[in-house]
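Encoded as structure tokens, the structure appears first; notes follow it.
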Amino acid sequence: MAAPAKRGNTRSHNIPRPPRPSGDTWSLIDEARSALSVQFYILPSSGTTLRIATVKTPASSRAAKTAAALYDSDFYSWTQRTAALLRARRFDEIDVEHAAEEIEDMGKRDLKEMNSRVQVLLLHLLKWQHQPDGRSPSWQTTIVTQRLEIEALLRQSPSLRPKLTSELVQNYANAVKRVVPEIGLRKEDFPVGCPFTIQQILDEEFLPT
């Protein structure tokens with residue numbers, strides 16, 4: 001008779017590959033096998049063998065957690081590391097959540113910049129229209145500069161162009177709030193809606209009379 005196995009004696013085995021199923025099921029099984037570590041425990045009292053599967057923590061998962069911590073402690077280093085991992089196609093080591101947030105924020109920053117420049121442009125167009133005695137090369141330079149910068153943003157991100165229309169009501173309202181204290185008029189002295197079309201706002205030749 002074979003000697004009983006010692007208590008606590010364990011050995012690891014790979015999960016045996018089952019018959020290949022049809023469709024995409026096999027890829028799911030492979031993912032499950034790669035994520036599990038199976039241990040066999042022999043109980044001396046009964047000779048019963050228990051097979052227990054535990055989830056492994058892959059090195060790539062630990063690397064991603066380290067990257068997430070780096071995001072809070074050294075943002076510049078995080079950006080350089082993430083860029084290097086992307087170029088090396090080591091996607092499973094990337095701090096995905098923060099990377100996704102940063103990409104979204106990039107788009108939001110472009111939209112915020114465009115809205116800010118549109119508001120400055122509208123403010124100066126309103127000043128040009130309602131304060132003719134104050135017209136100056138400085139105002140005209142500001143108008144030209146904002147138009148150039150807005151066009152540059154639109155060339156870089158063409159999908160921002162529809163936002164010119166959808167954000168115009170709010171941008172005009174903000175421009176009116178800013179121009180009122182500058183030229184000493186009341187809010188009621190300005191049209192409720194923007195008096196300029198998008199085409200006029202961006203037209204390098206347009207100046208209101």
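Coordinate-derived values only; no laboratory data. It should be emphasised that the depicted structure is a prediction, and the values quoted were computed from it without experimental measurement. A quick note on method: Cβ atoms are made from the backbone with ideal geometry, for glycine too, and the neighbour counts reach across all protein chains shown.
The aspartates and glutamates within cross-link reach of Lys177, meaning a Cα-to-Cα straight distance under 17 Å and a gap of 8 or more places when in the same chain, are Glu167, Glu188, Asp189. Positive contributions from Lys and Arg (+1) and negative ones from Asp and Glu (-1), summed over other residues with Cβ under 15 Å from the Cβ of Ser77, come out at -4. Tell me, what is a quarter of the convex hull surface for the C-alpha atoms of the range 100-202, in nm² with one decimal? Convex hull of Cα atoms, orientation-averaged projection: 6.9 nm². Kindly provide the GluC sites (Glu not before Pro) of the range 105-209 that DSSP labels as loop, not H, G, I, E or B, and whose Cβ sees at most 13 other Cβ atoms within 10 Å. Sparse-neighbourhood loop GluC sites (Glu not before Pro): Glu204, Glu205.
Across the range 100-202, Cα pairs under 8 Å and at least six residues apart give a relative contact order of 35 percent.
In terms of other Cβ atoms within 10 Å, Arg178, Arg147, Arg109 run from fewest to most in the order Arg109, Arg178, Arg147.
Pairs exceeding 26 Å between alpha-carbon atoms, taken from Lys127/Lys163; Lys65/Lys112; Lys65/Lys163: Lys65/Lys112; Lys65/Lys163. The Cβ shell under 14 Å around Ala152 holds other residues with a net charge of -1, Lys and Arg each +1, Asp and Glu each -1.
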